[in-house]
Amino acid sequence: MSQLDIFFRALQEYKKRALNADGRQLKDIIAANPDCERIEVVKTDCKIEDDWIEAIEAGLVHIEKAICEERQFIRSDGEVLPIEKIKQVSKESVEHLARHSNLLTREPDGADIIPDKLLTVERLTDYGVYENKFLYMLLCYLRDFVTYRYEKICELTNAYSGSLILKKQVKSGGRTTDVEIKLDERISNDEYVSANNPVREEIARLDLILKTVAMLLSTPLMEDVSKLPVIKPPITETNVLKMNNNFKGAKELYYFLAAYDKDGFEIEQTTEAISPFKGETAQDFALSVQLLAFLTYGHGLGIYGGLKKRYAEILKEEEKENERKLKEKIKDLKTRIEETGKGAEEYMLLLEQLNRSLEEDALSLIAAKAEIEKRNADIARLQGEIQNLAETVTRQIEEKNRLQAQHAEETGKLVSECAAQIQYLNARHAEDVANVKSAHAEEIENLNELNGKKIDYLQEQIVTERCRAHEEYTKLLDEKTRADRDIQDLFAQFEEVKEQKLLADASLNAVKKQYGLETGDFTAETDFDELERQYSALKALFKEEWKKTKKKIRREVLKPLNKKETDGGTDDKE
């Protein structure tokens, strides 16, 4: 039994026996004077906008995918080392050696040329690209953006703030009690308030966002990037940030957060008061006052130990009485067991089942009672709302009927005035139309005739312009055809000149090479391709000229033979 239970029970015994108090309860006197008692609790209503939460949740998907791409570039570090330390020869090594012949200081012993030094290239992976730095900056900004709002919302919505004011003077018989209590309490992260927070789902979403951001910042890629200099706004929109879907989505989230100038939530705090105390509330506070009075009485007179000893004696007497009643119950139980003819264990099992059934029924009754009380409270609240709504609807109907009657009256007056005005305007309009028709009949006829002549003239002009435009279009088409042929001829001439230039360059390089002159460096890729084209052109020229030469040789060789055959034929005829 807790100390508080002992106080409560001792308080009751003190009221009954020690002080011989009258039957009047202190709680009734407290409840009868509501002027100086009040409980106030500050309740916080928070409305969180979903636009920034949804934008962040959608953007985090793109950020995570962008981090998984692990964008990087290969950095090549070259160093010229002695040939003994070279482990691998690359294309860059050969190109460097071709440009630096001073590294060849030894004559080759055989067919292989061995330099003294050679360039070695080491390729290193570098993740410090601009896009990765942008992701790190965005995650840091996102963490600060959400943390500020998350902590503010939790601080305001999960806190309890309550106060109590109680000031009374109670007189009962020869007893006078003056009570004055003032209590102010603040609790951060209260368990009950947090569990019943109406925005706990949004808080859970924000908590998940913060955990996701922390997880992404702890990835190996972001840890490597965090060691590099951090970029600062404004950002540079590289091709990757413009074209890659994942980086594009991250960039859109950055622009959204940078332009978001609101808190993203609204806080409304209301103070609910309970005054005066009623029912169980008054009873609980009266009991606490009685407890304080009892403690003051016992400790002040120095009789608290005696009261506690007396209370212990009363408990022992109650225990003895309970033991006696228990023995009688056991005796009765044995008698029932003997009468039923069942064993003790079987009878105890039946009793246990009966007790379990009774406990379940009791729990059901307690739950039903709680549900009934809740429903009664809901019914009372709904009845009050229905009554308020009915009064509001009645007032609105009366106002609507009044407005409808006023509107009908005004509409009738307006319709009668408009009808008279319309009738007057119609008469004036008919008279004006008749006057205009009679005054302008001849003028209208002349205008129609003149317009007809203008239309005929314009149609003739349109036909003439169409014929002229067709002729010009035909001429332009012929000129375009001739220009296309000229362009084709120019392209053919250009290709021929290009081929001749290629042959000329090839011949010139061949002559320079033959006479030991400098021909230039053809080791570069573009220069070597040009040399290949010159070589192909020379091969084509050689084949073509060789065909012509073979035909000429054949004619020169066969000409004497044909002559001899011709002379021999003449002799035969003779």
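The values are calculated or read from the model by the stated rules, or taken from the named source; none is laboratory data. Quick caveat: nothing in here was measured; it's all calculated off a predicted structure. Counting neighbours? That spans all protein chains shown, and the Cβs are built from the backbone with ideal geometry, glycine included. Keep in mind that these areas ignore ligands, DNA and RNA; they rest on the heavy atoms of the full protein, side chains included. Shrake-Rupley method; radii C 1.70, N 1.55, O 1.52, S 1.80 Å.
The table below gives the values:
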{"item": "Odd one out for Lys211, checked against (1) more than 16 Å from the chain's Cα centre (by Cα); (2) open to solvent by 80 Å² or more (accessible area, probe 1.4 Å); (3) not hydrophobic (A, V, I, L, M, F, W, C)", "result": "(1)"}
{"item": "Options Pro198, Pro220, Pro229: the member that is surrounded by fewer than 15 Cβ atoms within 10 Å (Cβ to Cβ) and closer than 27 Å to Trp52 by Cα", "result": "Pro198"}
{"item": "Inter-residue pairs, beta-carbon under 8 Å, first in a helix (DSSP H, G or I) and in region 77-99, second among the basic types (Lys, Arg), 6+ apart", "result": "Ile83/Lys117"}
{"item": "Test: Thr296 is touching a residue at least 60 places away in the same chain (Cβ under 8 Å) and β-branched (Val, Ile, Thr)", "result": "no"}
{"item": "Hits in region 310-354 - residues which are at pLDDT below 80 and closer than 30 Å to Leu291 by Cβ", "result": "Arg310, Tyr311, Ala312, Ile314, Leu315"}
{"item": "Contacts under 7 angstrom Cβ, first residue in region 522-543 being under 18 Å from Ala98 (Cβ atoms) and without any contact (Cβ under 8 Å) to a residue 60 or more places away in the chain, partner assigned to a helix (DSSP H, G or I) and open to solvent by 70 Å² or more (accessible area, probe 1.4 Å), 6 or more apart", "result": "Phe522/Phe528"}
{"item": "Whichever residue in region 101-152 is modelled with pLDDT of 90 or more and of a type in the set (Val, Ile, Thr) and, among such residues, is farthest from Glu64 (Cα to Cα)", "result": "Thr147"}
{"item": "Check on Val170, within 30 Å of Ala258 (Cβ to Cβ), touching a helix residue (DSSP H, G or I) at 6+ places or on another chain (Cβ under 6 Å) and aliphatic (A, V, I, L, M)", "result": "no"}
{"item": "Glu530 being surrounded by 10 or more Cβ atoms within 10 Å (Cβ to Cβ), modelled with pLDDT of 75 or more and either under 30 Å from Glu95 (Cβ atoms) or in contact with a strand residue (DSSP E or B) (Cβ under 9 Å, 6 or more places away or on another chain) (or both)", "result": "yes"}
